[in-house]
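**Student:** Here it is, the structure, as structure tokens.
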2 protein chains.
Amino acid sequence: MEVLIVEDDPLHRSFLREQVSAALPECSTIYEAENGQQGETLARAHRAAHIVMDLQMNARNGIEAARTIWRERPDTRILFWSNYADEAYVRGVSRIVPNGAAYGYVLKSTSEERLKLALRSIFIENQCVIDNEVRGMQQRSFAQTSGFSDSEYEILMDIALGMTDRVISERRHLSLRSVQNRLQQIYSKLDVHQSADSQREDSPFNLRARAVTVAMLRKLLNYGALEKAETELQHWMRGR
Amino acid sequence: MEVLIVEDDPLHRSFLREQVSAALPECSTIYEAENGQQGETLARAHRAAHIVMDLQMNARNGIEAARTIWRERPDTRILFWSNYADEAYVRGVSRIVPNGAAYGYVLKSTSEERLKLALRSIFIENQCVIDNEVRGMQQRSFAQTSGFSDSEYEILMDIALGMTDRVISERRHLSLRSVQNRLQQIYSKLDVHQSADSQREDSPFNLRARAVTVAMLRKLLNYGALEKAETELQHWMRGR
DNA sequence: CAAAAGCCTGCGGGTTCCCGCAAGTGCTCT
DNA sequence: AGAGCACTTGCGGGAACCCGCAGGCTTTTG
């Protein structure tokens, strides 16, 4: 068996190397990459089937890398090993995992025992392993309460990028009013609601900007997601 | 000599412990804290004069902790050891460093040699050590080109928090129009400018929201700064 | 000292946002 | 089949935003 480690922090990388070789004696070779870009090429070169992947990396983040890898080989087994359980990450991962693929999501703060267990479960037993805290996040996230539908999430990203309602409606193929309706839902779910009836001046907020901040503070959005959305936006704008 | 290490990642913490004891044989005791909160109390308890401090931590970030520590003992020597050279961090640090205090800002990606050198320079020689990349950031940041004055930065934070112009004017004791003028400057410095003359529809952006995102993407704002500003805002709102 | 440059402010208007009201579609559940 | 729910769209209006124009104040500079 061969394992590919994709992780930018050298300390964490060498820690992972130790853990992998301790947990998987049947592992013959360990390859290492220090960013997503490099990870993709190494995965392609060695036809890697077992990968441990960090999420937050400079050159190209783990979600992007995993997506292209899975697109080429959907049966690749990937263990995501991350510092945080941000909703943006969890959502990003579960959006790209192919049907029936074995994967894991383990926080860097878990014990060595649980990490080793996860390595064996995913790479040998072919089962999914999701850390409890992450699982909790998922539940809360995909429950209808305060849960965002994909289309709402899209539009949340759009206003975060600073697009106007009109342009959003153009991009998402909706009417202006529909976009604004979506915004209302988003505002209420993020609990930044205007008190509605009259022009009471109790809300000192610009709802549009406020929604973005609240989403960031709640870890619904994070830097990586923003960056990704920005490049997608640039791309879309060129072909308009 | 005694050294206090404040760092949430266990791997990095033990790495730091090794480096400190290797670089500073005269160091008799090493205390460790795993977040800013704990760091403050340990610093107070042991009257720590030499601190190595991570910036990004869960319970309370390094800038907050350093501020309260420096407020009690301005001659404390602190080496900030961070993953990133975000403008928000650099600005935050240089905003709180007391007059004449020795401090350092070293990236986690520097070599062990440079880390050891920095430890000796700051703790023994009482000199400031700023990593080159960080220094470059500082130059660019405080140069007038694309450099933000403190008051502009304040208002940038305010719109990031989602405040309306009127409330900003109230909070910052300015007229409505002045706030809007500041916003114009911010927009032009962030290069999200409307083409000005007529109502040309070339800018598909809501400038207010766009400015915030661009600032985030340029690392002018980051999560920590947002969080801090949010609690300050809450505090201000209560006393209104 | 006078000119220049910078910041603060008011006015006015065009645009965008926020949102209530209402009508139309398609789906589900009883 | 009819009620109920979710989603979409149009209209309209009040508030907020974006910004050019212009006058007053302070500081800096030749």
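The values are calculated or read from the model by the stated rules, or taken from the named source; none is laboratory data. Note that the coordinates shown come from a computational prediction; the quantities given were computed from them, not determined experimentally. FYI the Cβ positions are ideal-geometry reconstructions off the backbone, even for glycines, and counts take in every protein chain you see.
**Student:** From the list B:7, B:32, B:72, which residue is modelled with pLDDT of 95 or more and within 21 Å of residue B:228 (Cβ to Cβ)?
**Tutor:** Checking each option against the conditions leaves just B:7.
**Student:** Let me ask another. Somewhere in the range B:189-203, is a residue touching a Lys or Arg at 6+ places or on another chain (Cβ under 9 Å), modelled with pLDDT under 80 and within 9 Å of DNA strand C (Cβ to nearest atom)?
**Tutor:** Yes, the conditions are met somewhere in the range B:189-203.
**Student:** Let me ask you something else. Going by the structure shown, is residue B:122 in contact with a Gly (Cβ under 8 Å, 6 or more places away or on another chain), at pLDDT 90 or above and surrounded by 17 or more Cβ atoms within 10 Å (Cβ to Cβ)?
**Tutor:** yes
**Student:** Which residues, taken from the range A:86-96, are under 14 Å from residue A:129 (Cα atoms) and buried (at least 19 other Cβ atoms within 10 Å of the Cβ)?
**Tutor:** A:90, A:93
**Student:** Can you say whether residue A:193 is over 25 Å from residue B:212 (Cα atoms) and within 16 Å of DNA strand D (Cβ to nearest atom), as far as the supplied structure shows?
**Tutor:** Considered against the rule, which asks whether it is over 25 Å from residue B:212 (Cα atoms) and within 16 Å of DNA strand D (Cβ to nearest atom), residue A:193 comes out as no.
**Student:** Counting only residues that are free of Cβ contacts under 8 Å to residues at least 12 places away in the same chain, more than 7 Å from chain B (Cβ to nearest Cβ) and in a loop (DSSP other than H, G, I, E, B), which one in the range A:202-239 is nearest to residue B:227 (Cα to Cα)?
**Tutor:** Within the range A:202-239, the match that is nearest to residue B:227 (Cα to Cα) is A:203.
**Student:** Of the residues A:170, A:152, A:133, only one is modelled with pLDDT of 90 or more and acidic (Asp, Glu); which?
**Tutor:** Answer to the selection: A:170.
**Student:** For the range A:56-130, list the helices (runs of 4 or more DSSP H) that sit wholly inside it and hold at least 1 residues that are under 20 Å from residue A:13 (Cα atoms); which are they?
**Tutor:** A:62-72, A:112-123
**Student:** Of the residues that make up the range A:177-185, is at least one surrounded by 18 or more Cβ atoms within 10 Å (Cβ to Cβ), at pLDDT below 90, away from chain B (no Cβ under 12 Å) and within 12 Å of DNA strand D (Cβ to nearest atom)?
**Tutor:** For the range A:177-185, residues surrounded by 18 or more Cβ atoms within 10 Å (Cβ to Cβ), at pLDDT below 90, away from chain B (no Cβ under 12 Å) and within 12 Å of DNA strand D (Cβ to nearest atom): absent.
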